[in-house]
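The structure under discussion appears below in the form of structure tokens.
The values are calculated or read from the model by the stated rules, or taken from the named source; none is laboratory data. Keep in mind that this is a model prediction, so the values were computed, not measured. Cβ: placed from backbone, ideal geometry, glycine included. Neighbour counts: every protein chain shown.
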Amino acid sequence: MNSAKIAPSPAKLILNMGLKHRNTFGLDSTAELAYDITSPDQLPTLIKELEEKKLGWRALGGGSNVILPEYLPGATLLINILGQEVLKSDAQTTYLSVGAGVDWHDLVTWTLEHELLGLENLALIPGTVGAAPIQNIGAYGVEVGKYIEYIEAFDSKTHAFVTLPQDACQFAYRDSYFKQNPNRFIVTKVVFKFPKVWQARLQYADLAKQFKDTNSNPSARQIFDAVCAIRSQKLPDPKVIGNAGSFFQNPIISDTQYELLMKQFPELVSYPDVAGKRKLAAGWLIDQCGFKGKRIGPVGVYEKQALVLVNHGGGTSTDILNLAKNIQEEVLGKFSVRLEIEPNIL
């Protein structure tokens, strides 16, 4: 009996593929060589071939956190690894394995349907599961890193698959070991941990406001519905108007700088962070500089949320980045606070 392992089918190659549908900004971009990655096993051979041909490459998930140029030379790896399964469950925790290409919001919906609770505050965030830990996505007081047990990825530096437990991922505010080592790791699978004892997280004002008149504690499903409603009211649907959600990180400053700013701007919106630090609301800073609803050619700032830059149609990465630079300069001049761009610029 032959027990030899069957070689995986090579990744399908598409020449000069348009990526307008593959980025939520809706930017016209063309990938010279686009590879459809449906299995982790396709990666070792492909990466080796690309290196031998001296071709640059980058991985692309749902394109919800990237700014694409008009042309992407070399290889673009479209991560379409699907599937999810419960690995094990004990008295305290359930462990769920999910392919990197699974849609993030679809996963959050699925976990609720299967009584795996904890990700409800992260509902309606666009993108894929594989991209979520790179940015350590977060919303309404929850970050995804808290629910990750380990991550499987292909390490292009060592040409081997690696398993990184939660602590090795170095999760921080919108940061991770993967983000600190760009174009090294290709995430293929994320294993989540869901505690059996669930607790509602309602510390963010917008979410707390939704339930202030109710006497009972909300369920995970009610929080999920509330988050979806809030996000829909505040953020534009990428299918209707191109955007990448929050474009700037909320800046973190020292208590000393915060106290100085409060003297000058008593209405300053902020949140407590680690000891000795405050997190400022970037959207408020941008709004105070008069950018909310402002349009410059095909791009602009969303009328309902100054933290979101939008593509009204026909905008390019240059248009978006010029607008972002203008905003950064105005905020720095007025508040002496530097805004960092959240999406990755390819």
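Here are the numbers:
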| item | result |
| --- | --- |
| Test: residue in the stretch 172-189 that is loosely packed, with under 14 Cβ neighbours inside 10 Å and farther than 30 Å from Glu152 by Cα | no |
| Selection from the stretch 170-188 of residues that are under 15 Å from the mean Cα position of the chain (by Cα), of a type in the set (D, E, K, R) and not in a helix (DSSP H, G or I) | Arg174, Asp175 |
| Residue within the stretch 32-48 that is assigned by TED's automatic domain parsing to the domain that holds Ile137 and in contact with a helix residue (DSSP H, G or I) (Cβ under 8 Å, 6 or more places away or on another chain) present | no |
| Asp206, sole failed condition from (1) surrounded by fewer than 16 Cβ atoms within 10 Å (Cβ to Cβ); (2) at pLDDT 95 or above | (2) |
| Helices (runs of 4 or more DSSP H) lying entirely in the stretch 248-346 (those with 1 or more residues that are under 22 Å from the mean Cα position of the chain (by Cα) and surrounded by 17 or more Cβ atoms within 10 Å (Cβ to Cβ)) | 282-288, 317-335 |
| Scan of the stretch 190-200 for residues that are surrounded by fewer than 16 Cβ atoms within 10 Å (Cβ to Cβ), under 14 Å from Val142 (Cα atoms) and touching a residue at least 40 places away in the same chain (Cβ under 8 Å), ordered by number | Trp198 |
| Among (1) assigned to a helix (DSSP H, G or I); (2) among the charged types (D, E, K, R); (3) over 30 Å from Thr38 (Cβ atoms) - the single one Arg201 does not satisfy | (1) |
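This table checks each residue for (1) out of contact with any Cys (no Cβ under 9 Å at 6 or more places or on another chain); (2) outside the structural domain of Leu339 (by TED's automatic domain parsing); (3) not hydrophobic (A, V, I, L, M, F, W, C).
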{"site": "Tyr204", "(1), (2), (3)": "yes, yes, yes"}
{"site": "Phe247", "(1), (2), (3)": "yes, no, no"}
{"site": "Cys289", "(1), (2), (3)": "yes, no, no"}
{"site": "Gln305", "(1), (2), (3)": "yes, no, yes"}
{"site": "His312", "(1), (2), (3)": "yes, no, yes"}
{"site": "Gly315", "(1), (2), (3)": "yes, no, yes"}
